Amino acid sequence: MTIDYFECSACGTVFSAEAPLYVCPRCNGNLDCHLDFERPERHFDPHQILNDPRGSIWRYERLLPVGAPPFQATPLHQVGCTPVYQPERLAKTLGMSRLWVKDESRNPSASFKDRASAVVIARALETGIGTIVAASTGNAGAATACMAASVGLPAIILAPRSAPPAKVAQLLAFGAQVFLVEGTYDEAFDLSIQASDAFGWYNRNTGYNPFTVEGKKTAAFEIWEQLISTGKVNPAEITIYIPVGDGNIISGIAKGFKDLLRLGWIDQLPRLAGVQAEGSAAIARAFAARTDQILPVQAQTIADSISVDLPRDGSRALKSVRESGGFFVTVTDEEILHAIPELGSSGLFVEPAAAAAWAGLRRALQDGLQDPAAPVLVLCTGSGLKDVRAVSAAVAPAPVIAPTISALEAAIHE
Ligand SMILES: *Cc1c(COP(=O)(O)O)cnc(C)c1O
Ligand SMILES: [Zn+2]
C-alpha cells in the first residue's frame, strides 16, 4: 500500500506523503510512515497474510508502505521468514524452559539489514530514483549492495576504513562502488548525506531514511506469526532481546508490534530489551538516567555493528522500549566474546553484535530483570562469517599436528 502521511516521532508534525523526506524538516527527528488501517479497504484479516504463499517479507505486503517488486527469483524476493530455534540445552543451563532464537544470518546477505534494504530498494524502484547511497559499518552496506545488485541498481557505499574485511569483500563482490572513509561510521554517515544532497542519490542511511524501519518491522510480524498467532506465546509475557547501535532495529520491531496492536491482532505489546555494548551505550545510559537526552560517546567495542558514537534513531528507541515496559542492559566485550561459542554450541554462528543480544539475556537473568520461567526470544542479527577475526578471538586456536595417529592421540590427551 502507499503511506498516508509522515509523522515526526519527536515533535509530532505531520507531513504529506508526497514530499520526498528523510528526517523532520523542523526538528531533525525521525519520521514515522503512517499507514491508516482504519480505512475500510484496509480491514485485513490475519488469514490473508497467514495463507500468503510467499516465503519472504513480501507476504506482509498489505502492511508495508511499498508494493512488492514484481516477482522474479532474486535475493530481493528472498528476504525474511527466518527460522526460530529452541536451543533446549542452552535453555536448561539458564534454567529457562521457553527460549527461542531467531536466526537472521539466513537472510541473503547474512544479516538482519536485508529487511530494511529490501523495502528501501522497493521504494527506489517505485519512485524511479537511480542510484542508492548508504553509510554503513558493513552490514547495511552489504544488504544495500545485495538488494541493489539483485535488481540492477547502482549502489555507492561509504564505510569506515576499520570495517571488517569480510563485509568489505561482500560489498565489492556485489559490485557496489565502495569508498573506505578515513574516519568513524559517524563521519561516513555525515558524508553520505552531503553526497546524496549534492548528487541526487537516494540515501538509505539507518535512522535517516524513514523506510528502513518499515522493513525492519517485518521481524515483529514474523515473531507474531511464528509464536503468537500459533498460541505458543502470549504477547504480554514475552521479552525480546535486541542488540542496539543506532536504535533502528528496535524501533522497527516496536513499530511492527504497534501496527499489530492497531489491527487488533495482539492486545498488548511484548516487552523489548535493548542490549548495548558497554563501550557504545549512549541510549542505555539515557535510559538508566531516566532522561530523554542522549549524549554522544566515543564508541569502542569489538561488536562493530553496534559501535556508534551518536545513535541516529536513539530517541525513538528509548521511547519504544519505555512504551513496551522493557529495559536496556549493557554488556562488556568479554561477555560478548563469551557468548559466541556459547551460541555456537547450539549450532548458531553469530557475529559479535548478535552475540551481544545473548549476553544481554544472561545479564538480565543475573540482574533479576528477567524471569527465567517467562518466554524469551533473542534476535541473532548477523552471521559469524561477517567477522571471522572477532570470532577467532573468542575461541582457542586449534593445535597443529603431524599427520600420524600417534600425534593425534597425544594431542587429544593434552
Ligand atoms: C545494524 C546491526 C545491529 C544494530 O541495529 P541498529 O539499528 O543500529 O540499532 C545489530 N546487529 C547487527 C548484526 C547489525 O548489523
Ligand atoms: Zn519534528
Answer residue from segment 167-187, given it is touching a helix residue (DSSP H, G or I) at 6+ places or on another chain (Cβ under 6 Å) and buried (at least 18 other Cβ atoms within 10 Å of the Cβ) and is nearest to ILE250 (Cα to Cα) among those
LYS167
Could you tell me whether segment 106-123 includes any residue that is surrounded by 13 or more Cβ atoms within 10 Å (Cβ to Cβ), closer than 16 Å to LEU377 by Cα and either touching a residue at least 24 places away in the same chain (Cβ under 8 Å) or under 17 Å from the mean Cα position of the chain (by Cα) (or both)?
yes
Of the residues that sit in segment 128-177 and are part of a loop (DSSP other than H, G, I, E, B) and without any contact (Cβ under 8 Å) to a residue 24 or more places away in the chain, which one is nearest to VAL66 (Cα to Cα)?
GLY128
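Does at least one position in segment 322-334 carry a residue that is in contact (Cβ under 8 Å) with a residue 60 or more places away in the chain, more than 14 Å from ligand 1 (Cβ to nearest atom) and in a helix (DSSP H, G or I)? Before you say what the answer is, go through the steps one by one.
Residues of segment 322-334 that are in contact (Cβ under 8 Å) with a residue 60 or more places away in the chain, as a first pass: 323-324, 326, 328.
Then drop every residue that is not more than 14 Å from ligand 1 (Cβ to nearest atom), which leaves 323-324, 326.
Still in the list and also in a helix (DSSP H, G or I): 323.
Within segment 322-334, one or more residues are in contact (Cβ under 8 Å) with a residue 60 or more places away in the chain, more than 14 Å from ligand 1 (Cβ to nearest atom) and in a helix (DSSP H, G or I).
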Could you grab me the full set of residues in segment 221-272 that are away from ligand 1 (no atom under 16 Å from the Cβ), touching a Gly at 6+ places or on another chain (Cβ under 6 Å) and within 18 Å of THR381 (Cβ to Cβ)?
PHE221
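Are any of the residues in segment 32-42 within 16 Å of ligand 1 (Cβ to nearest atom) and under 21 Å from SER117 (Cα atoms)? Steps first, please.
Our first condition is that a residue be within 16 Å of ligand 1 (Cβ to nearest atom); within segment 32-42, this holds for 32.
In the following step, the residues that additionally are under 21 Å from SER117 (Cα atoms) were identified as 32.
The answer is yes, given that some residue of segment 32-42 is within 16 Å of ligand 1 (Cβ to nearest atom) and under 21 Å from SER117 (Cα atoms).
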Given (1) hydrophobic (A, V, I, L, M, F, W, C); (2) under 27 Å from ILE238 (Cβ atoms); (3) buried (at least 16 other Cβ atoms within 10 Å of the Cβ), LEU310 misses just (2)
Only one of (1) under 30 Å from LEU261 (Cα atoms); (2) under 17 Å from the mean Cα position of the chain (by Cα); (3) not basic (Lys, Arg) fails for PHE349. Which number is that?
(1)
Contact list please: Cβ distance under 7 Å, first residue in segment 20-35 and closer than 26 Å to LEU261 by Cβ, second residue away from ligand 1 (no atom under 16 Å from the Cβ) and of a type in the set (Asp, Glu), pairs at least six apart or on different chains.
LEU31/GLU7; ASP32/GLU7; HIS34/ASP4; HIS34/GLU7; LEU35/ASP4
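All of the numbers you see were taken from the coordinates with simple rules; none came from a lab. Everything numeric in this text was worked out from a predicted model, so none of it was measured. Note that we place each Cβ from the backbone using ideal geometry, even for glycine, and neighbour counts take in every protein chain shown.
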